[in-house]
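Since the structure comes first, as structure tokens, the remarks are kept for the end.
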Amino acid sequence: MNYSLFSFALFSTLLRASSAFSRSSVRRRSSSVASTPTSLNSVPSLIVFDLDNTLWTPELYQLRKLARNNQLPVAHKDVKLFPAAKEMIKEMKKDEKYANTKFAVASRTKSVDWAHDLLSQFELREWLDYIEIFPGDKKQHFNNLKRNSGIDFGEMLFFDDARDGKYGNCEPVSALGVLSVHCPNGIYEETIWTNAMSKYKEWSAHKTPGTIVEWDGSVTTLKPTNPNERFRGNVKFINREKRFGFIQYGGRSTKDMFFHFNDLPYGDDINEGDELSFTVATTRNGKDAAANIEISKSDTAESDLVNMHVFSMNLPFAALLSNEYKTLETRNGTMFVPYKPGTKMLLHVGQRIYPDGDRHIDVMKSGGLDDDEIKALKSLPPGFGKGMAVAIVELGETFETTLEERCDPDFQRKVAAFGDDAGMRATVIRRVEYLKRPVKVSGKGGVFKANIDKSVIPDGWLDTDEESDSDSSGKKTSKVYYSATF
């Protein structure tokens, strides 16, 4: 036997075995690190982004000209990614620490087809593991993400530009247990997401629900909701066929509350404008809904009261309308569309001054008015002011307009606004008259009812059959419809 060859072969075998053992140890250590819980790795299992004003700008609803021309927005031209968002995506694609992280978008935009097309144009679709784009409730997006990914809310991180209120997303999503990052100006700088990752590392040790990383880098935790707290509001909308509706309550930014007829008191009827009290419960699909509903009863049999509806305008336009200068009211929304010509409404003065930069003065001067005349038209009578119903108006026809029509000088003077500032839907104000005295009314958004002393209504405004109905006792009660917006 050649011992030198045997020794060499034995040495080679031992060397290979040692090398294999070393690689196996490395794999075991790597496997051990990979299996460490995410809370110790401090990297979310799922990172979710809103789209409009978070990943890209502008918000898709603002591209009205493209919508009118039936054109698709073009990436990098009509819609652009925030520079820091672009760099963030590049880094997350190549950084090994995100190798096991999933990515998703969750958007409530109504421009669903546009959003999907832009994801393709920006070449983001292949990077995303989940896509949730549909109008509605952001919590529904996250319930879908949890179901489809199998990832718990506590393993998710969410970026959105809207924090709270009617259109807010960070607050309701954080209540689910997702760490939410409020970026009101989008992901416009690198520190937004690097700070978010740092805060996630700290938060992952306790995962307290209701936690929001604020725009300035601070962290706040929402106070847990009291399931027994009662709220008051008014019925805004009812779908009797499908047996559901919405309640308007809280301030201007509060989202309308859903309710189902099954949760109404047995045997009670309900109408739009009725006042309710309720608690808030979470449904099986994760949405908030009104529960323990009670219908407020009011004494409508008193012959000296009239139950009325109101719309609100801010100064100076409330005064311009009340003083019969403004004879057209324009809105982009459909506030006056449901109401037929001849409908009478109360005018309520909002708490703010409308910020048009005094452009209305230029419009009024174009008609030959001097400063003293303009000042008088912008003033309310003594004792009339903000937070009050001050006048009653009769509506005429509501019609849609073009920008060219709105830029006509006569049209602008009737609206008291330049064409670019006016809404696309115009409503004729047939007549208006001040109330005999102002009435303090609590401002609420949308449609609501208020009992008004008939003695404040100017003579001749309620003397029509079409506005009188008999109540159950046979007494005549007057109806005047109004809306409130702020």
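The values are calculated or read from the model by the stated rules, or taken from the named source; none is laboratory data. What you see is a predicted model; the values in this text were computed from it and never measured. Counting neighbours? That spans all protein chains shown, and the Cβs are built from the backbone with ideal geometry, glycine included. In case anyone asks, the SASA skips ligands and DNA or RNA and just uses the protein heavy atoms, side chains included. Shrake-Rupley method; radii C 1.70, N 1.55, O 1.52, S 1.80 Å.
Being in a strand (DSSP E or B) and over 21 Å from the mean Cα position of the chain (by Cα) is the filter here, so list the residues in the stretch 222-239 that pass it.
Selection gives 239 alone.
For the stretch 158-178, what are the residues that are β-branched (Val, Ile, Thr) and in contact (Cβ under 8 Å) with a residue 40 or more places away in the chain?
Result: 178, single match.
State all residues of the stretch 120-143 that are touching a residue at least 24 places away in the same chain (Cβ under 8 Å) and part of a loop (DSSP other than H, G, I, E, B); if no residue qualifies, say none.
Listed by number, the residues that qualify are 122, 124, 127, 128, 129, 134, 135, 136, 137.
From the list 231, 261, 237, 246, pick out the single residue that is under 25 Å from residue 311 (Cα atoms), hydrophobic (A, V, I, L, M, F, W, C) and free of Cβ contacts under 8 Å to residues at least 24 places away in the same chain.
After ruling out the rest, the residue left standing is 246.
For the structure I just gave you, tell me whether residue 120 is hydroxyl-bearing (Ser, Thr, Tyr) and open to solvent by less than 50 Å² (accessible area, probe 1.4 Å).
For residue 120, the condition - hydroxyl-bearing (Ser, Thr, Tyr) and open to solvent by less than 50 Å² (accessible area, probe 1.4 Å) - is not met.
Would you mention how many residues in the stretch 218-227 are touching a helix residue (DSSP H, G or I) at 6+ places or on another chain (Cβ under 9 Å) and at pLDDT 90 or above?
Adding up the residues that qualify gives 1.
Counting only residues that are open to solvent by 10 Å² or more (accessible area, probe 1.4 Å) and closer than 16 Å to residue 343 by Cα, how many does the stretch 310-327 have?
1
Of the residues that sit in the stretch 185-210 and are touching a Gly at 6+ places or on another chain (Cβ under 9 Å) and of a type in the set (Val, Ile, Thr), which one is least open to solvent (accessible area, probe 1.4 Å)?
Ranking the qualifying residues of the stretch 185-210, first place goes to 192.
If a residue must be open to solvent by 60 Å² or more (accessible area, probe 1.4 Å) and either at pLDDT 95 or above or not in a helix (DSSP H, G or I) (or both), how many such residues does the stretch 152-184 contain?
Result for the stretch 152-184: 3.
Quick check, is residue 351 outside any loop (DSSP other than H, G, I, E, B), more than 21 Å from residue 452 (Cβ to Cβ) and of a type outside the set (A, V, I, L, M, F, W, C)?
no
Out of 54, 38, which single residue is at pLDDT below 50, open to solvent by less than 70 Å² (accessible area, probe 1.4 Å) and touching an Asp or Glu at 6+ places or on another chain (Cβ under 6 Å)?
38
If the Cβ limit is 8 Å and pairs must be 6+ apart or interchain, which residue in the stretch 85-112 that is within 13 Å of residue 129 (Cα to Cα) pairs with which residue that is surrounded by fewer than 16 Cβ atoms within 10 Å (Cβ to Cβ) and of a type in the set (Gly, Ala, Ser)?
100/34
Give the residue, chosen from 316, 341, that is in contact with a His (Cβ under 8 Å, 6 or more places away or on another chain) and either touching a residue at least 40 places away in the same chain (Cβ under 8 Å) or over 20 Å from residue 419 (Cβ atoms) (or both).
Sole residue among the options that is in contact with a His (Cβ under 8 Å, 6 or more places away or on another chain) and either touching a residue at least 40 places away in the same chain (Cβ under 8 Å) or over 20 Å from residue 419 (Cβ atoms) (or both): 316.
Looking only at the stretch 375-428, which residues are assigned to a loop (DSSP other than H, G, I, E, B), open to solvent by less than 70 Å² (accessible area, probe 1.4 Å) and in contact with a helix residue (DSSP H, G or I) (Cβ under 7 Å, 6 or more places away or on another chain)?
378, 379, 380, 416, 417, 418, 419, 422
Would a scan of the stretch 179-198 turn up a residue that is touching a residue at least 12 places away in the same chain (Cβ under 8 Å), touching a His at 6+ places or on another chain (Cβ under 8 Å) and either at positive phi or of a type in the set (A, V, I, L, M) (or both)?
no
Working carefully through the options 216, 269, 288, find the one that is in contact (Cβ under 8 Å) with a residue 60 or more places away in the chain, open to solvent by 50 Å² or more (accessible area, probe 1.4 Å) and not hydroxyl-bearing (Ser, Thr, Tyr).
Being in contact (Cβ under 8 Å) with a residue 60 or more places away in the chain, open to solvent by 50 Å² or more (accessible area, probe 1.4 Å) and not hydroxyl-bearing (Ser, Thr, Tyr) holds for just one of 216, 269, 288, which is 288.
Test residue 433 against the criterion of being closer than 13 Å to residue 318 by Cα and open to solvent by 10 Å² or more (accessible area, probe 1.4 Å), and give yes or no.
yes
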